Amino acid sequence: PISPQTGEPVQALLRRLRALQGERAEAYRLLEQGHRAYLSSAPHYDFPRYRQLVHEITVAFNSISREVLSIAGRLQDELARPDLAQHLSRLQEREQEKLQLVSEGPGVVSIRSRRLIKTIEAISEILQDLKYDSEEAE
């Protein structure tokens, strides 16, 4: 049972979470774009520029992660929604796994690609569960 006093704050936090997921997607896009540009600069690779991009993306991911964890804490402690907080914890674990898979260097691509696809599917499933479970807060 959700009281009218907590429904709107929950929805506001979930809107912020959706915005953060959008920022995360944009950061992945920029990382991929930067990696392609780096590879295309052969044989005179511009490593300092690429290293700076990776640093900026890492800072962005860290900031997003801290804010998602803060949202999870508020859902748990202030808004009595441990179910939603648990979804955010699971989301963070999968996003961390995804980032590790994306940032790994060349290797056994087919195995890594399958793991990445499974991780992305798990992220989508968590976001669907979060959406379903949060609809009762409206």
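Rule-based calculations on the coordinates, nothing more; no lab input. Model, not experiment: these values are computed from the prediction. Quick reminder, even Gly has a Cβ in these numbers, built from the backbone with ideal geometry, and neighbours come from all protein chains shown.
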### Burial order of peptide ranges 22-29, 10-17 (average beta-carbon count within 10 Å, highest first)
10-17, 22-29
### Query
Do the sum for the chain: with -39,500 (n - 2.57) for every DSSP H run of n ≥ 4, divided by all residues, what is the mean residue ellipticity at 222 nm, to the nearest 500 deg cm²/dmol?
-30500 deg cm²/dmol
### Summary
Note on the chain: contact order normalised by length, alpha-carbon pairs under 8 Å, 6 or more apart, percent, works out to 30
### P(r) histogram, all alpha-carbon pairs of the chain included - 5 Å bins from 0, percent
2, 9, 17, 19, 16, 12, 9, 6, 4, 2, 1, 0, 0
